[in-house]
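Every number here is computed from the coordinates shown, using simple stated rules; none is lab data. These numbers were taken from a predicted model, which means no experiment stands behind them. No Cβ is skipped: glycine too gets one built from the backbone with ideal geometry, and neighbour counts run over all protein chains shown.
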Amino acid sequence: MTDKQAAATNTRMDMKLEIVVLPVSDIDRAKAFYAKLGWRSDADYASNDADFRVLQFTPPGSGCSVIFGKNVTSAAPGSAEGLYLIVSDVVAAREKLLADGVEISDVFHDAAGVYVGDDEHYLFGSRRAEGRDPEGRSYRSFASFNDPDGNRWLLQEITSRQPGRIDAAATTFNSAAELAATLRRAGAAHGVHEKAMGGEYDVNWPDWYAEYIVQEQAGGTLPS
């Protein structure tokens, strides 16, 4: 191996997931459904001979889009499952979808292991239980819904990532609502902090909030 080849082997190449293909039977029905969800319509392209059509939609705050259409995939319509939509508040997200006319399950939580995509398939012996995770843990609370063809989507509540999954120097928020939810959690935690400090006003609260927000998102050690 040459030095140039070795250098190329050791260089990280960014690979960003861009598209997930959905198999659908009725293109316009699917288009209406995903538009109803409030997803951004990025493309609706058809070939001149009408033998090919592709539509692209992007969920709010997502870096990955979905496409569907005619002669886009050979998969059976409705066969996609385990499609995760990450939200900071699963109850609020479910209520928004209900208001938009989407049939969606009640909120449930994973009482034992890792949930992998539909109401019956679990890993590591996990089991479904009603309501949000009682301890408010990240990755544990869900709600599920299908598109008109039966492609199965899963809302998963994540408020903090496992260590190492997010660079603490690159804290970002996808929406004002997500930032507001984070500030509420930081505010509640800071109230406990002030009480432990004797109830005195913390003049350095902005620094404490900033450290909490960054560490929560990065899966680091939260300030006490």
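In region 172-218, a dipole from Cβ-located charges (positive for Lys and Arg, negative for Asp and Glu) runs towards its positive end, and of A186, P206, A176 it is A176 whose Cα lies farthest in that direction. Spin-label model, T73 to L98: label points 7 Å out along the Cα-to-beta-carbon direction sit 2.9 nm apart. With a simple spin-label model that places each label point 7 Å from the Cα along the Cα-to-Cβ direction, the separation between L83 and L179 comes to 3.0 nm.
Using the Cβ-Cβ distance between V203 and R40 with R0 = 35 Å, the FRET efficiency computed as 1/(1 + (r/R0)^6) comes to roughly 0.25. Net length available on complete extension from A210 to I19 is 65.4 nm, with 0.36 nm assigned per residue and the Cα-Cα distance removed. This ranking places L222, L17 by how few other beta-carbon atoms lie within 10 Å of each, fewest first, which gives L17, L222.
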